[in-house]
1. Starting from the 7 Å offset along Cα-to-Cβ, what nm value, one decimal, do you get for the label separation of residue 53 and residue 27?
2. How big is the Rg/Rh ratio for region 4-73, C-alpha atoms only, Rh by Kirkwood, two decimals?
3. Provide the gained length on full extension for the span residue 117 to residue 36, in nm with one decimal, where the gain is 0.36 nm per separating residue minus the Cα-Cα distance.
4. Put a dot 7 Å past each Cα toward the Cβ at residue 130 and residue 72; how far apart are the dots in nm?
C-alpha cells in the first residue's frame, strides 16, 4: 500500500493531498473523502467567500455574473445587490468604446477579444478571430 508523504492526507482512492485541501468544502480527492470527517462548519480563508452551500470560492469570483457556488449564493442579491432577478453585473444596454459586446449582451474589455482566452460567458469574444 502506498503511503503519502509526511503531512499529507491520503484520500479513499489513494490520492495524496496537501492538508490545506482537507475540509475546505471542495472535493479535491474526487471521491469526497477529503470532506467526510469535517466536524465544525468550515471557515474560508481571508480571500474566499463561504457559499450558503458551504463550499469556499475565491472572493473575486463573487458578484461577477457567473455562479461558482452550487447554490449560486456568490451571485445572490443579498450579496451583490439587485432585485433578486438573476442578472449579469457586466450586462448593460451599451458597452463603452473600450469594450466588446458579447453575443449574450455582456460587456468585456475590448483588449480581451481574440486573446485566446474566452472572457464572455458564451465565449463569443473568441469567435471569428483570424
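Values in this text are rule-based calculations from the coordinates and carry no lab data. In this text the structure is predicted, and so the values were computed from the model without any measurement. Cβ sites come from the backbone with ideal geometry, for glycine too, and all protein chains shown count toward neighbours.
1. Each label point is offset 7 Å from its Cα along the Cβ direction, giving 1.1 nm.
2. Details: Rg = 13.1 Å, Rh = 12.9 Å.
The Rg/Rh ratio comes out at 1.01.
3. 25.6 nm
4. Label at residue 72, label at residue 130, 4.0 nm between them.
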